[in-house]
Amino acid sequence: MNNEQKLYNLAQKARENAYAPYSEFKVGAAILTANGNFYSGCNVENASYPCGTCAEAGAVSAMICGGDDKISEILIMADADEILPCGNCLQKIAEFSSGNTVIYSADLNKIVHKYKLRYLLPHKFSAKDL
Ligand code: THU
């Protein structure tokens with residue numbers, strides 16, 4: 001199985017466990033790191049809506065907890081024509097990425113788009129801006 005397929009399968013499994021009773025919009029995300037490790041996450045909503053977290057945030061947390069910090073590829077999956085990370089999540093992803101990090105967007109059947117992070121977030125806020 002190639003890396004794209006592994007990312008797809010992991011995001012699919014994560015999405016099944018998403019907790020999205022308010023929006024009913026389940027999202028799964030999966031990360032492949034520079035070390036060749038995989039991590040996943042799902043969105044976790046909350047009755048206090050702003051407390052909810054995106055699938056990408058969950059996957060990034062799992063990656064950091066697992067001891068990795070370089071994202072090579074990340075796949076986002078939802079029941080949508082094209083799911084892309086929100087602005088907040090692009091910044092979260094960018095913290096651990098280069099402009100060449102690949103972002104796959106997938107629906108419930110297949111990967112539908114592939115972008116480089118630099119295309120979706122040309123200017124990130126970084127440590128040098130502090
Ligand atoms: N959501 C994600 O998990 N990732 C995205 O890229 C966009 C939105 C979640 C947040 C919320 O639980 C639901 O989708 C509807 O916005």
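Rounded to the nearest Å, what's the spacing between the alpha carbon centres of segment 91-130 and segment 21-74? Just the number, please. The distance from the Cα centre of segment 91-130 to that of segment 21-74 comes to 14 Å.
Counting only the Cα atoms, segment 9-72 fills a convex hull of 74 Å³ per residue.
Summarising the strand pairing of the chain, around 75 percent of its internal DSSP beta bridges are antiparallel.
Here is the list for segment 41-130: chymotrypsin sites (Phe, Trp or Tyr not before Pro) lying in DSSP coil, each with at most 13 other C-beta atoms within 10 angstrom of its C-beta, are PHE125.
Partner lysines whose Cα lies under 17 Å from the Cα of LYS13, excluding those fewer than 8 positions away in the same chain, are identified as LYS26, LYS110.
Mean shadow of the chain, computed from the convex hull of its alpha carbons, in nm²?
8.1 nm²
Stretched out straight at 0.36 nm per residue, the stretch from LYS6 to ASN109 would grow longer than its current Cα-Cα span by 35.7 nm.
Grab the beta carbon distance between ALA34 and LYS116, set R0 = 25 Å, and tell me the FRET efficiency rounded to 0.05.
Working: r = 15 Å, r/R0 = 0.62.
So, using R0 = 25 Å, E works out to roughly 0.95.
Checking every one of the trypsin sites (Lys or Arg not before Pro) in segment 67-112 against DSSP loop status and a limit of 15 other Cβ atoms within 10 Å picks out LYS70, LYS110.
Please give the per residue accessible area of segment 13-130, computed with a probe of 1.4 Å over protein heavy atoms only, in Å².
Values: 6500 Å² over 118 residues.
Heavy-atom accessible area per residue stands at 55 Å².
Each label was represented as a point 7 Å from its Cα along the Cα-to-Cβ direction; for VAL44 and ASN88 these points are 1.4 nm apart. Over all orientations, segment 41-111 has a Cα convex hull whose mean projected area works out to 5.2 square nanometres. Most mobile of ALA55, ALA94, ALA30 per a Gaussian network model of the chain (Cα springs, under 10 Å)? The residue that fluctuates most here is ALA94. For LYS114, a cut-off of 18 angstrom between C-alpha atoms picks up these aspartates and glutamates, skipping any fewer than 8 places away in its own chain: GLU4, GLU56, GLU73, ASP79, ASP81, GLU82.
Ignoring the sites themselves, what is the longest stretch of the chain with no GluC sites (Glu not before Pro) in a DSSP loop and at most 16 other beta-carbon atoms within 10 Å? Spell out each step's value before the answer.
Working: sites that count: GLU24, GLU82, GLU95.
Free of exposed loop sites, the longest segment is 25-81.
Evaluated with a Cβ-only charge set (Lys, Arg +1; Asp, Glu -1), the chain carries a dipole of roughly 340 debye about its Cα centre, given to the nearest 20.
The values are calculated or read from the model by the stated rules, or taken from the named source; none is laboratory data. These figures come from a predicted structure and were not determined experimentally. When we count neighbours, we look across all protein chains shown, and the Cβ atoms used for this are built from the backbone with ideal geometry, even at glycine. Ligands, DNA and RNA are excluded from the accessible area calculation, which covers all protein heavy atoms including side chains. Shrake-Rupley method; radii C 1.70, N 1.55, O 1.52, S 1.80 Å.
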